[in-house]
Amino acid sequence: MPTTSRRDVILSAAVAAASLGLDKSLAIAAPARGRKTPDPTKGFLRYKVGDAECTAVYDGIWEKAHDPAFFSNATVAETKRALADAGLTTAFVPIPITVFVVKLNGKLVLCDAGGGNQVQAFNPESVFVSGKMMANMRAAGIDPKKIETILISHFHPDHIFGLLKKNTNAPVFPNAEIIVPAAEYKWWTDPSLITRLPAGRRPLARRIQTVIPNWKNVLPVEGEDEVVPGIRFVSAPGHTPGHSAFHISSGNEQLMISNDATYVPALCAAHPGWHGVFDQNAVAAETSRRKLLDRVIADKMMICGSHFPWPGLGKIASDGAGYALTTVQST
Ligand SMILES: [Zn+2]
């Protein structure tokens, strides 16, 4: 059995933290506990939106330790209460990762790419599992080689590291066209960004700048264009400068893939005014979140999100000062 020295563990935790764009000092210990959330019995769920065949694919989960800095204007006690109100565990913040495959108008489209087993928890009390997308895609009968188009919402590790092989940065989907929001591409690939970022966030920007601009199959798209027939980008900045949702329309039915606009609905939909540390511009993120959710309600769309409770699909309604998500249960 291979053994790992404590120094190796510390180093790998530090590298993981660096890849997440976090400070090394947060990563000096190995994870102290095992994962509490079992994988879903079936790691995919298929449903129709008009003629579109959508498949939710489970990639993993971040069991995030409570941290007073998570929201600038909500306490850990308030966070726990909001999780309990939604029927979720309060032992940690459950942040599942789901990606979506859409088959529409003859095209097979992957929406975000998960964490590729390359994002690890930086806090010893947290657990970060990712990279289950490929196996679950195959279990769903989807051949990853047949993916023609990949839409990327934003360049955070849990959404793009699944595009890169672990040690080489080689492309996982060399033949797919990767369509990204132009504002996101521009912000992350600006060489002057590195020196403007805090030191802990530089490794993520460096990895992006080393790889993405050299790939010939990356297409930045401005604004809210229809990126593939039946799917549009919806600008929802704040979480990151170019963060975008994806809007699917087929026949009389619509689905908003909200990505990270409302990342954990028990917290960010129920309390849209909570300002999260992972929202780069929390005020803009709140504006985008409310606008997106109001549109989903007005147009009676289904909604899903990257970090919604598995399988990530639900309906949203106004609920007092906030919004309530009713999730569709997976069998
Ligand atoms: Zn995310």
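Across the stretch 154-177, what is the number of residues that are more than 16 Å from residue 116 (Cα to Cα) and either touching a strand residue (DSSP E or B) at 6+ places or on another chain (Cβ under 6 Å) or of a type in the set (D, E, K, R) (or both)? Before the answer, list the steps.
In the first step, residues of the stretch 154-177 are kept if they are more than 16 Å from residue 116 (Cα to Cα); the result is 175-177.
Add one more test, that the residue is either touching a strand residue (DSSP E or B) at 6+ places or on another chain (Cβ under 6 Å) or of a type in the set (D, E, K, R) (or both), and what stays is 176-177.
Within the stretch 154-177, residues that are more than 16 Å from residue 116 (Cα to Cα) and either touching a strand residue (DSSP E or B) at 6+ places or on another chain (Cβ under 6 Å) or of a type in the set (D, E, K, R) (or both) number 2.
Filter the stretch 289-317 down to the residues that are small (Gly, Ala, Ser), farther than 11 Å from residue 256 by Cα and in contact with a strand residue (DSSP E or B) (Cβ under 8 Å, 6 or more places away or on another chain) and list them by number. Write out each step before concluding.
Looking only at the stretch 289-317, we keep the residues that are small (Gly, Ala, Ser), and these are 298, 305-306, 312, 314, 317.
Keeping just the survivors that are farther than 11 Å from residue 256 by Cα gives 298, 306, 312, 317.
Within the stretch 289-317, 306, 312, 317 qualify.
Results for (1) modelled with pLDDT of 95 or more; (2) part of a strand (DSSP E or B); (3) surrounded by fewer than 15 Cβ atoms within 10 Å (Cβ to Cβ); (4) of a type in the set (Gly, Ala, Ser), shown as yes or no for each residue.
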| residue | (1), (2), (3), (4) |
| --- | --- |
| 25 | no, no, yes, yes |
| 31 | no, no, no, no |
| 34 | no, no, yes, yes |
| 38 | no, no, yes, no |
| 47 | yes, yes, no, no |
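Inspect the stretch 322-331 for any residue being surrounded by 15 or more Cβ atoms within 10 Å (Cβ to Cβ), within 16 Å of the ligand (Cβ to nearest atom) and part of a loop (DSSP other than H, G, I, E, B) and give the result as yes or no.
If we filter the stretch 322-331 for residues that are surrounded by 15 or more Cβ atoms within 10 Å (Cβ to Cβ), which is where we start, we get 322-325, 327-328, 330.
If we keep only those that are within 16 Å of the ligand (Cβ to nearest atom) too, we end up with none.
No, the stretch 322-331 contains no residue that is surrounded by 15 or more Cβ atoms within 10 Å (Cβ to Cβ), within 16 Å of the ligand (Cβ to nearest atom) and part of a loop (DSSP other than H, G, I, E, B).
Yes/no per residue for (1) closer than 26 Å to residue 176 by Cβ; (2) in a strand (DSSP E or B); (3) open to solvent by 20 Å² or more (accessible area, probe 1.4 Å):
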{"site": "224", "(1), (2), (3)": "yes, no, yes"}
{"site": "232", "(1), (2), (3)": "yes, yes, yes"}
{"site": "238", "(1), (2), (3)": "no, no, no"}
{"site": "245", "(1), (2), (3)": "yes, yes, no"}
{"site": "254", "(1), (2), (3)": "yes, yes, yes"}
{"site": "267", "(1), (2), (3)": "no, no, no"}
{"site": "284", "(1), (2), (3)": "no, no, yes"}
{"site": "317", "(1), (2), (3)": "no, yes, yes"}
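Of the conditions (1) within 14 Å of the ligand (Cβ to nearest atom); (2) surrounded by fewer than 24 Cβ atoms within 10 Å (Cβ to Cβ), residue 258 satisfies every one except a single condition; which number is it?
Unmet for residue 258, out of (1) within 14 Å of the ligand (Cβ to nearest atom); (2) surrounded by fewer than 24 Cβ atoms within 10 Å (Cβ to Cβ): (2).
Within the stretch 142-187, count every residue that is crowded, with 17+ Cβ neighbours inside 10 Å and free of Cβ contacts under 8 Å to residues at least 40 places away in the same chain.
0
Collect the residues in the stretch 279-306 that are within 16 Å of the ligand (Cβ to nearest atom) and closer than 17 Å to residue 247 by Cα, keeping them in residue-number order.
The answer is 288, 289, 292, 303, 304, 305, 306.
The values are calculated or read from the model by the stated rules, or taken from the named source; none is laboratory data. Computed from a predicted structure; not experimentally measured. No Cβ is skipped: glycine too gets one built from the backbone with ideal geometry, and neighbour counts run over all protein chains shown. Note: areas computed on protein heavy atoms with side chains; ligands, DNA, RNA excluded. Shrake-Rupley method; radii C 1.70, N 1.55, O 1.52, S 1.80 Å.
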